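What follows is a set of notes on a single structure, which appears directly below.
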Amino acid sequence: MEAPPVTVMPVTGGTINMMEYLLQGSVLDQALESLLHRLRGLCDNMEPETFTDHELVYLLKGQQGNPFILRARRSLSHPTAPWHLRYLGQSEVGDKSRHALVRNCVDVAASHSLPEFLNEMGFRMDHEFVSNGHIFRKGAMKIVVSKLSRILVPGNTENTEHLSLSYLVELSVLAPAGQDTVSEDMRSFAEQLKPLVHLEKIDPSKQRH
Amino acid sequence: MGVTCVCQVPVAEGKSVQQTVDMLHKKLEQLGAVKQGSFCVDCETYHATGNSSSQPSKLLYVMHNSETPLSCLALFEGGPCLIADANFDVLMVKLKSHFQNAKGHKVESRGSRYRYCDFLIKVGTVTMSSSARGISVEVEYCPCVVPGDCWNLMKEFMQSFLGPSVPELPSVFAAKPEGLFAPADCVDTMTQYLELFNKLRKLQIPGSNVR
């Protein structure tokens, strides 16, 4: 058995300072098919991709300040795939010249021991939900049309209930900080989806009840 | 990934760390081992800052291995471990108000990587804050994943260049039920490096707080 020669030294640091540019909207269930039809026409030609994910939102409370939030996601349709851990920073919405919400973003692929490990770090699960839907791509842009479901019995992803009678539509791009031109592309793409869906820059801090 | 054994090799009497490493290289080359590049294993230590709970905070270790260059391993001593991609390091930076990096405690082992038939041998100098603390030797027997099946062979091979300082079966394997194989994700190897690093840290600075 031949072991590969080592040519690369450990990469420490990963990809620093990636930003997520995001536009959000929603469509009623009845409008789903026409939106999917439009997206199939506009997006890159690829196999239709669907997903069913289970997301757990973890909080780490410090002595002061806001809790630190991490999102752990696993695929229910591909149970052997790695978990996805995500950190999202404060969103920048104030800048009028930008057409999308911008926030710092760290994506980490992790092994299945993630929930146990986060617990050991002091994180506690705050809430969980199931998201299922369709993914489309157009160049660097990602379009996710998904249905959110509440989990009725903690941990049991079989027993769920739809949160609403509509689908969440998200258009996002991951880019290094400062590449604001991507928000231009996103805006023009969002224009093409009108009037099926109105994708907007939504400030999550104003959504809290 | 086969079965690996990581051990500490004492510095030869009257010799420096570098001279002992050179001697080991020479012995391996005499055996017929071929040098194949270099390697590096490093370990960062973090401790939780907010000690709101009554229990003392555990140390969190984040390790990298050039053998798996895109991965990083995070573990609590004796607790759960996580294998993640290199972005985990970025996440630790974001978490710095909750987990502080004990900067002076970064330990690494760096050195040459040799191949001898089915064996991979890595002779490294263990350094902590730029001072050499000791020598590590990692031997991997690539074709086998069941420690119990190849331990005697590995031991015999190690004797051929380490002489009497051959280690016992690593405790990570001893703790496992007979016949159980080593996982392919190098957790066992990294656990052994962590044990070695912690031993060398304590050896050199007795009585001081390791944190």
**Item:** From the options A:163, A:152, residue that is in contact with a Phe, Trp or Tyr (Cβ under 8 Å, 6 or more places away or on another chain) and open to solvent by 60 Å² or more (accessible area, probe 1.4 Å)
**Value:** A:163
**Item:** Whichever residue in region B:81-100 is open to solvent by 40 Å² or more (accessible area, probe 1.4 Å) and farther than 14 Å from residue B:65 by Cβ and, among such residues, is farthest from the other protein chains (Cβ to nearest Cβ)
**Value:** B:100
**Request:** Select from region B:105-127 the residues that are over 17 Å from residue B:7 (Cα atoms) and either surrounded by 23 or more Cβ atoms within 10 Å (Cβ to Cβ) or under 17 Å from the mean Cα position of the chain (by Cα) (or both) and list them in ascending order.
**Result:** B:105, B:106
**Residue in region B:4-21 that is within 12 Å of another protein chain (Cβ to nearest Cβ) and either open to solvent by less than 30 Å² (accessible area, probe 1.4 Å) or out of contact with any Asp or Glu (no Cβ under 8 Å at 6 or more places or on another chain) (or both) present** = yes
**Message:** Quick check on region A:41-54. Is at least one of its residues surrounded by 15 or more Cβ atoms within 10 Å (Cβ to Cβ), at pLDDT below 95 and under 20 Å from the mean Cα position of the chain (by Cα)?
**Reply:** yes
**Item:** In region B:66-80, residue modelled with the lowest pLDDT [restricted to those that are open to solvent by less than 40 Å² (accessible area, probe 1.4 Å) and within 21 Å of residue B:48 (Cα to Cα)]
**Value:** B:79
**Prompt:** Given B:62, B:9, which one is under 14 Å from the mean Cα position of the chain (by Cα), under 22 Å from residue B:195 (Cβ atoms), of a type in the set (Val, Ile, Thr) and in the same structural domain as residue B:167 (by TED's automatic domain parsing)?
**Reply:** B:9
**Asked** Of the residues A:173, A:182, which is more than 24 Å from residue A:30 (Cα to Cα) and at pLDDT 95 or above?
**Response** A:173
**Message:** Quick check on region A:138-174: of everything there that is of a type outside the set (A, V, I, L, M) and assigned to a loop (DSSP other than H, G, I, E, B), which residue is nearest to residue A:184 (Cα to Cα)?
**Reply:** A:139
**Message:** Tell me which strands (runs of 3 or more DSSP E) are completely within region B:82-168 and hold 2 or more residues being among the acidic types (Asp, Glu) and in contact with a strand residue (DSSP E or B) (Cβ under 6 Å, 6 or more places away or on another chain), or say none if there are none.
**Reply:** B:131-141
**Request:** For residue B:46, work out the one condition from (1) in a strand (DSSP E or B); (2) open to solvent by less than 10 Å² (accessible area, probe 1.4 Å); (3) more than 7 Å from chain A (Cβ to nearest Cβ) it doesn't fulfil.
**Result:** (2)
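The values are calculated or read from the model by the stated rules, or taken from the named source; none is laboratory data. None of these values were measured; they are calculated from a predicted model. We place every Cβ from the backbone using ideal geometry, glycine too, and count neighbours over all the protein chains shown. Heavy atoms of the whole protein, side chains included, go into the accessibility calculation; ligands, DNA and RNA do not. Shrake-Rupley method; radii C 1.70, N 1.55, O 1.52, S 1.80 Å.
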